[in-house]
Structures are given as structure tokens and as C-alpha cells.
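Chemist: First the structure, then my questions, so here it is.
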Amino acid sequence: MKRIVIFASGSGSNAENLIKFFHNSDNASVIQVLTNNPHAKVLDRCKTLKVSALSFNRIAFSKSEDILNILKIAQPDLIVLAGFLWKFPEFILNAFENKVVNIHPALLPNYGGKGMYGMNVHKAVVNNKETETGITIHYVNENYDEGAIIFQAKCAVLASDSPEDVAEKIHLLEMEHFPKVVNKLLK
């Protein structure tokens, strides 16, 4: 059975979707969720779903080996970033080479980089009058949103769409594709 560890920073809808998708899987399961936000709703979701969850601070993540040691004990086959906003330290990436993936709410390389997440992305897409957007699932490297692309899915952006409309379309793409792509990576 393959082991998944999820990193999240916010509400945790993608984390919950992954947990539910793999709940009765013969292939993999989510064994732990880690968050940099002690008030993140993902912690409540994990409690309800009976999945181990832990919050940590920046020192534990990037200035010490605390999170690295937790990951070494967990022995994940895949580390999945689901709305996780901090840059991943190189020493963790090196310890789990080609085992860290992220989902981004745009068609990379467009609308990626520091500060480009959530509504910031959707507002930029609408303000630039894009006719399409989508999601990108990619490997994580030492730079924001620059790792090798694994999968992309697109949706139309209408002239009448607000950033909130775009967010809703992106959310539907995430819910549909993220668990399937993660599952495929683990096979």
C-alpha cells in the first residue's frame, strides 16, 4: 500500500477530496496531513475524517530537521501539496527527490511564482482578459511553480466571468483531476 502525506495551508478541500478518494483504495492511502497554519480548516476536516494532522512553524519546516524527520518516519511514496503556500526547502526536496507534487490554479508557466495563488491568480486571469485557464499538477523543485509539468486541464474564461466564477471552474477541475493524477503517479 502506497503512502501519501499532504501539506496544506487553508480550508483543505483538495486534501479532503484526496483523503476520500483513497479511503477505500487498494493502491494508496493518505497517512498524514501537515499544515503551516494552526488555524487552518484542514485540521478540522482531518479530525472528522480520522486522519492524523499536525501543524508546524517555519523553524520546524525550514530551519531545523523536525519536518524532515517526521517525513522520514512516515516514509511517504508521494508528498502532495494541496494549497500549501510556503516554498519547500531544498533539503526536504533532496531527501524525497521526484516525490513532491503540487497543484496550481493556472496553466503554468503562466500565472506562477511567488504570490500567485488562489484569488490572486484568478484576478490576474480576469484582468488580463484570458480566454482560458486551468490547473497544472507539477513536480516541486527549488523555485515556485517551475517544476516539470505532469498534467494540465483547461476551462474557458468568459468575458462576463468574475474572479469568483473562475475560482469555481478551477475548483471543479481540481476535484475531478487531482486524485486521478495522484493515483496514476503511485501506480
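The values are calculated or read from the model by the stated rules, or taken from the named source; none is laboratory data. From a predicted model like this one, the values you see are computed outputs, not experimental measurements. No Cβ is skipped: glycine too gets one built from the backbone with ideal geometry, and neighbour counts run over all protein chains shown.
Chemist: Pick from LEU68, LEU49: which is surrounded by fewer than 20 Cβ atoms within 10 Å (Cβ to Cβ), within 24 Å of GLU146 (Cα to Cα) and either modelled with pLDDT under 95 or not basic (Lys, Arg) (or both)?
Modeler: Sole residue among the options that is surrounded by fewer than 20 Cβ atoms within 10 Å (Cβ to Cβ), within 24 Å of GLU146 (Cα to Cα) and either modelled with pLDDT under 95 or not basic (Lys, Arg) (or both): LEU68.
Chemist: Among residues belonging to the stretch 156-180 that are buried (at least 17 other Cβ atoms within 10 Å of the Cβ) and hydrophobic (A, V, I, L, M, F, W, C), point out the one that is farthest from the chain's Cα centre (by Cα).
Modeler: Residue satisfying both the conditions and the ranking: VAL157.
Chemist: Of the residues that make up the stretch 156-169, is at least one part of a helix (DSSP H, G or I), out of contact with any Pro (no Cβ under 9 Å at 6 or more places or on another chain), closer than 22 Å to LEU18 by Cβ and not hydrophobic (A, V, I, L, M, F, W, C)?
Modeler: Yes, the stretch 156-169 contains at least one residue that is part of a helix (DSSP H, G or I), out of contact with any Pro (no Cβ under 9 Å at 6 or more places or on another chain), closer than 22 Å to LEU18 by Cβ and not hydrophobic (A, V, I, L, M, F, W, C).
Chemist: Let me ask something additional. Which count do you get for residues in the stretch 1-42 that are in a helix (DSSP H, G or I), surrounded by fewer than 18 Cβ atoms within 10 Å (Cβ to Cβ) and touching a Ser or Thr at 6+ places or on another chain (Cβ under 7 Å)?
Modeler: Selection size over the stretch 1-42: 1.
Chemist: Residue pairs, Cβ under 6 Å, 6 or more apart or interchain, first in the stretch 59-84 and more than 30 Å from LYS184 (Cβ to Cβ), second among the small types (Gly, Ala, Ser) and surrounded by 15 or more Cβ atoms within 10 Å (Cβ to Cβ). List them.
Modeler: Hits for this filter: ASP66/ALA60.
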